[in-house]
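Before any comments, here is the structure.
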Amino acid sequence: MKFPVATVSSKALSVKALVAMVLVLSFATAPVSQVYAAQSGGENAEKQVEKKKKRRVKRAQTLRPKIYKKLEEARVLADEKKYDEALETLTSLEKRKRNSYEKAMTHNMFAYVHFNQENYDAAIQSYEKVVANKKIPDSLMQGTLYSIAKLYLMQENYQAALKPLNEWFSLVEKPSGEAHILRAQIYFQLEQYKKALPDVKVAIAGEKAKGKNPRENWLMLERAVYYQNKDFKSLARCLQDLATLYPKAQYWVQLAAVYSELNMPLKELSALEAAHEQNLLTNESELVNLAQALLGQEVPYKAAKILADGMKAEQIEINAKNLSLLGDAWMIAKEYDNAIKVMTQAAKMSSSGKDFYKLAQIHTERQEWDQALSNVDSALNDADFNKKADAQVLRGLVLFNLDNLADAQGAFEAASEFESSKKMANQWLAYIEGERKRREYMAGTL
């Protein structure tokens, strides 16, 4: 069982969009007075931080209009892809005297420009200069740390991403589910699967508490974590959620595989049947697995129907292997006409002793002794056939019923050379000897 997990690196575009949103947030088209309030953190933000950490409230610095104007000018140039001009504007701004907050916002805008250029190393360096300034508002500190973590993730530098993200968690009162999933993905990529699990659980529990269904990619991550932790019971529960909320063949098939691992054959069959009833099983391996599961639970007729219908719909290839399985199903279901037809076709395609032997068994069941003898002889002529002991016993039985005691004796003598069939063969030899004496006696009395 291999369960892929949707990692951050595989969704770089969505991460890029999120980072861009964070970067542009402070420089949107809101009035300057609103920008000042948002960037400084405001009274409410300070109260939240004070409530959580009980640390001393920082005095909020302001962004002067002339500085804001230059930053906004750089942002517009960056959005127009005039990156050199944007960087020149910011470089000229660095020559001016600024307070610590204005310096931080300048570095923030440098990061924004570098990000849009896809120069992620330079963007990270600029962000690091922002967080190095301890006098910035907590809201800016939080957003910057989060952006650094995401940028490292985009570069698949998971170890580096962990430090700023953990710092972000220490500052935020109620981290979002997305943030918990982000950290869980980092731990997963670092193969620290046990550390990944708590974050996944928190994120999913939070969605359920809101009356929402957990997101599919969150459940996929949970699935991957449980698999890596070899927690198959929890993995089954997770796959139940995936299969129920986001019905796909792969989830039902994987759930069946987990039930098989847990030695729960009835549940394995139930999972596959549930998928089949929803018309989710469409490829050969899925349909054949369902048929085999049905045979394992002694439901041969339904297994045969699934195989036959799959072949008719061209979902299952008509080859010797699949025909042989279909023949088994018809035979066990005692649908002998169908079994003979299918198994004859399988034997012609494979020339395998195994298939000729099955045909011989079916004809024996129907007491069609000549056909049985012909097919068991074909089976024994196959050098690769590995059930020669059983075939010799069957051949002896057929010959006995054809009243050919001499050849029947020879078949059972051959069977007695095999340890697995020795006891039965000797019983038949004793019986044949008794029958011969009985016939000689009867002949003598006439």
Scan the range 244-274 residue by residue and report those that are part of a helix (DSSP H, G or I), of a type outside the set (S, T, N, Q) and more than 21 Å from residue 302 (Cβ to Cβ). 245, 251, 258, 261
A careful count of residues in the range 229-241 that are more than 10 Å from the chain's Cα centre (by Cα) and part of a helix (DSSP H, G or I) gives 9
Taking the range 315-331 only, how many residues are crowded, with 22+ Cβ neighbours inside 10 Å and of a type in the set (Asp, Glu)? 1
If you check residue 194 against the conditions, is it out of contact with any His (no Cβ under 9 Å at 6 or more places or on another chain), under 30 Å from residue 288 (Cα atoms) and not aliphatic (A, V, I, L, M)? no
Restricting to the range 292-314, count the residues that are of a type outside the set (D, E, K, R) and open to solvent by 70 Å² or more (accessible area, probe 1.4 Å). 2
Would you call residue 245 open to solvent by 40 Å² or more (accessible area, probe 1.4 Å) and at pLDDT 95 or above? yes
Could you list, in sequence order, all residues of the range 332-361 that are under 25 Å from residue 286 (Cβ atoms), open to solvent by less than 40 Å² (accessible area, probe 1.4 Å) and of a type in the set (A, V, I, L, M)? 333, 339, 342, 343, 346
How about the range 414-428: which of its residues are in contact with a Gly (Cβ under 9 Å, 6 or more places away or on another chain) and of a type in the set (A, V, I, L, M)? 414, 415, 425
Consider residue 304 carefully, then state whether it is touching a Lys or Arg at 6+ places or on another chain (Cβ under 9 Å) and at pLDDT 95 or above. no
Residue list for the range 180-204, filter: over 18 Å from the mean Cα position of the chain (by Cα) and open to solvent by 60 Å² or more (accessible area, probe 1.4 Å): 194, 195, 198, 201, 202
Output the qualifying pairs, or none if there are none: Cβ atoms under 7 angstrom, residues six or more apart or on different chains, first residue in the range 328-344 and farther than 12 Å from residue 301 by Cβ and touching a residue at least 12 places away in the same chain (Cβ under 8 Å), second residue of a type outside the set (S, T, N, Q) and not in a helix (DSSP H, G or I). 336/366
If a residue has to be touching a residue at least 12 places away in the same chain (Cβ under 8 Å) and either farther than 25 Å from residue 269 by Cα or assigned to a loop (DSSP other than H, G, I, E, B) (or both) to count, how many in the range 204-224 make the cut? 8
Among (1) of a type outside the set (Asp, Glu); (2) within 30 Å of residue 184 (Cα to Cα); (3) buried (at least 21 other Cβ atoms within 10 Å of the Cβ), which single condition is residue 93 missing? (2)
Exactly one of (1) within 24 Å of residue 333 (Cα to Cα); (2) surrounded by fewer than 19 Cβ atoms within 10 Å (Cβ to Cβ) is unmet by residue 439. Its number? (1)
Consider residue 74 carefully, then state whether it is aliphatic (A, V, I, L, M), part of a helix (DSSP H, G or I) and either free of Cβ contacts under 8 Å to residues at least 24 places away in the same chain or within 28 Å of residue 160 (Cα to Cα) (or both). no
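The values are calculated or read from the model by the stated rules, or taken from the named source; none is laboratory data. As the structure is a prediction and not an experimental result, all values here were calculated from the model. In this analysis, Cβ positions are derived from the backbone assuming ideal geometry, glycine residues included, and neighbour counts consider all displayed protein chains. Side chains are part of the model used for accessible areas, which takes the heavy atoms of the whole protein and leaves out ligands, DNA and RNA. Shrake-Rupley method; radii C 1.70, N 1.55, O 1.52, S 1.80 Å.
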